[in-house]
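The values are calculated or read from the model by the stated rules, or taken from the named source; none is laboratory data. Everything quoted here is computed from the prediction, not taken from an experiment. All Cβ positions, even for glycine, are placed from backbone atoms using ideal geometry, and neighbour counts span all protein chains on display. SASA here: full protein model, heavy atoms, side chains in, ligands and nucleic acids out. Shrake-Rupley method; radii C 1.70, N 1.55, O 1.52, S 1.80 Å.
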Amino acid sequence: MFVNIVAFGNERDGFSEDSQQSSLIYTYLRRSALISQIDSLSASHVGIPVFTEYQACVFGNVRLVVRDCPVWDIFDSDWYTSRSLIGGADIIVIKYSINDRTSFQELKDNYVPMIKKALNLCSVPVIISAIGARKNGVPCTCPLCTSDRRRCVTTAEGVQLAKELEATYLELHALNDFYIQNYFGGVLEYFMIQSLNQKSSEKMKTRKKMQKCHRVQPPQLEQPEKMPILKGEASHYDADLHNLLCRCQCADVAFYPEDLSTVVEAHKIILCSASHLFMLLFGVKSPADIRDASIVQTAHTLFAVEAGAALPPDPHGVPACVPPVRVVVKDSVFFSCLPDILHFIYSGAFQWEQLEEDTKKKLKDPEKTEHVLEKVKCILKTPGKISTVKDCKSHQIKRLYNNSLRLFFNTPVLADVIFKIQDATVPAHRAILVARCEVMAAMFNGNYLEANSILVPVYGVSKDTFLSFLEYLYTDSCCPASILQAMSLLVCAEMYQVMRLQHICELYIITQLQSMPSRELASTSLSIVSLLKKAKFHNSDCLSTWLLHFIATNYLIFSQKPEFQDLSAEERRFVERHRWPSNVYLKQLAEYRNYVHSQKCHCAVM
């Protein structure tokens, strides 16, 4: 017997600097007298921890598996993993800090709907744990803290959230023995016992059902052969954009000190996606659009854009190829740290502690270090808000690019290339294309016609499919509207050798087909055999192998369709060998029916 517990959320105070504070789940496992032999391991994507798994024994010989997911980003980056975690859970624990209202509001607005959607498919007890004692003291009044010290999350709000999820609400003022063992532990262990009782009851019912009949049993229909599991590829979005800076490809900005002794190159599109200040500097926005005097003042005092001879623009609104914009950095101390600051921005702007450490080592002067870091905070500042260190450490900034670059998708703003497709034009930015797609990197940087052309024709792909492809390059996400659109996008991804997008399309097609009921599968006009042929032609080995298993698993449906005859001899042999139900079962079923008809009983009275 085993019990699966999945915990979501972060119980730490968003304003606290104590990164060593134990989590609720680990504290319970360490202090509960029922737990023994705690083992742990972590799963991660590109160095960012997704969840920590604990395994232990409880009630003597019951296996306890706990998966603690402190970062809500798993719902954004990997919906399939988060849904499978909820689907396999016996108990769900949702945690938040009473003193971190921003985190609570994000949970309520963004993630509660996702959890409710996943819980529609299963009935699982949910425990909502509000951690911490409310801070009622006099708030800090310094300019950096006043705007972020909002009121705490109230008990009424927590109870209302529990009602939405039909959950049990707990407030734990501290992670000590009283609240962990007597309060939280008591509720958690109650649900653990309920889960074990339910599993024992189901197991007993199955055993009684098997022992009930002593006459000749009908043949047992074996489970269909398991289809191959498709594993998704981890995102390398931040790494792609960071490599763009390291390789200095398609640079259109050159930063100089006042003595013009050295140069540091960068890209307008990346800088503008990260900062309103750079939008102002490069003419994307005006001071009237930003409405923040501190940003405007910092832009004028820190940078000076040198006016150059501008070439006439393209008829489609894209400027002709021009040398990089020369930007003079008036602050010599800031310029000395500019390479580290650019690495920080290009890495997704979530490694603030690393930037602090690099700046301290380079300047070796606390005042100069503080001066440079304040400038960086102003560069990353959101208009109308006070910039704080907390903003730079926020998990929200990890999604900086795929939210901000979406603003520049399919717009002529800062665009330097136009794709011509199906008598329509689509503006784009070479820097993003080169960073995210190796084929386009070779096309724009090699000895090809496209390297010096603004207008680039695209053949063999529809406009909608190509737009979906570009949207993935800009945002690292895609959402096909149908299986056929996903297959078209897969073909485009194979054409440009973007393997992760190809895997996403494969996974979408598999998920959609798996969710089809048999009646819909029998009546659909979608040709699975045609999908199989196209997947093979475009080197999608995982999808083609899965589709063959899918046809074999649904043999009785597909064998009646005309498209079944289009399978090759080799494919037909595979399907016949792995078909479900098997020929052996059908033969046993016919024999059983004959037995039933031969053993019919007559009424004793008659």
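Adding -39500 (n - 2.57) for every DSSP H run of four residues or longer, then dividing by how many residues the chain holds, sets the calculated 222 nm ellipticity at -13500 deg cm²/dmol.
As an exercise, use a Förster radius of 30 Å and the Cβ-Cβ distance of HIS173 and LEU41 to find the FRET efficiency, rounded to the nearest 0.05. It would help to have the intermediate numbers written out before the result.
Working: r = 31 Å, r/R0 = 1.04.
In this case the efficiency is close to 0.45.
The residue list SER129, VAL263, PHE564 was ranked by how far each Cα lies along the charge dipole of the chain toward its positive end, using unit charges on Cβ atoms, and PHE564 comes out on top.
Just the accessible area per residue of region 461-606, please: how many Å² with a 1.4 Å probe?
It amounts to 53 Å² per residue over region 461-606.
Packing-wise, with mean Cβ within 10 Å as the measure, how do 462-468, 87-93, 163-169 rank, highest first? Working shown, then result.
Values: 462-468: 18.0, 87-93: 20.3, 163-169: 15.3.
Final packing ranking: 87-93, 462-468, 163-169.
Between region 52-114 and region 509-554, the alpha-carbon centres lie 33 Å apart. Each Cα pair under 8 Å and six or more residues apart adds its separation to the average, and for region 55-121 the resulting relative contact order is 25 percent. For region 59-119, a/c is not less than 1.5, where a ≥ b ≥ c are the root eigenvalues of the C-alpha gyration tensor, and a/b does not top b/c. That puts it in the oblate class. Among ILE38, SER482, SER515, whose Cα projects farthest towards the positive end of the dipole of the chain, with charges put on the beta-carbon of Lys, Arg (+1) and Asp, Glu (-1)? Ranked along the dipole, the leading option is SER515. 3J(HN,Hα) along region 51-64: 7, 10, 9, 10, 10, 7, 9, 9, 6, x, 10, 8, 7, 10 Hz, from the Karplus curve 6.51 cos²θ - 1.76 cosθ + 1.60 with θ = phi - 60°, whole Hz, x for Gly and Pro. In the complete set of protein chains, residue-level accessible area for LYS205 is approximately 140 Å², probe 1.4 angstrom. Within the assembled protein chains, the solvent-accessible surface assigned to HIS578 is about 40 Å², based on a 1.4 Å probe. With R₀ fixed at 25 Å, the C-beta to C-beta distance from ASP259 to ASP365 puts the FRET efficiency at about 0.75. Between the helical axis of 155-165 and the longest alpha-carbon principal axis of the chain there is an angle of about 50 degrees.
Between VAL65 and LEU449, the simple spin-label model (points 7 angstrom out along Cα→Cβ) gives 5.7 nm.
Do you know the relative contact order of the chain, to the nearest whole percent, from alpha carbon pairs under 8 angstrom that are 6+ apart? Could you put the intermediate results ahead of the total?
Numbers: 813 pairs, mean separation 63.0, N = 606.
Result for the chain is 10 percent.
3J(HN,Hα) couplings calculated from phi for region 513-525 with the Karplus curve 6.51 cos²θ - 1.76 cosθ + 1.60 (θ = phi - 60°) are, in sequence order, 5, 5, 7, 6, x, 4, 5, 5, 5, 6, 9, 5, 8 Hz; Gly and Pro show x.
The portion of the accessible surface of the chain made up by carbon and sulfur, rounded to a whole percent, is 53 (1.4 Å probe; DNA, RNA and ligands excluded).
Phi-derived couplings, Karplus 6.51 cos²θ - 1.76 cosθ + 1.60 at θ = phi - 60°, listed residue by residue for region 440-452: 5, 4, 5, 5, 8, 10, x, 8, 10, 4, 5, 4, 10 Hz, with x used for Gly and Pro.
Annotation: amide H-H contacts under 5 Å for ALA130 (H modelled 1.01 Å from N, sequence separation of 5 or more, or interchain): LEU170, GLU171, LEU172. Of MET440, MET499, MET114, the order by accessible heavy-atom surface (1.4 Å probe, DNA, RNA and ligands excluded), from most exposed downward, is MET499, MET114, MET440.
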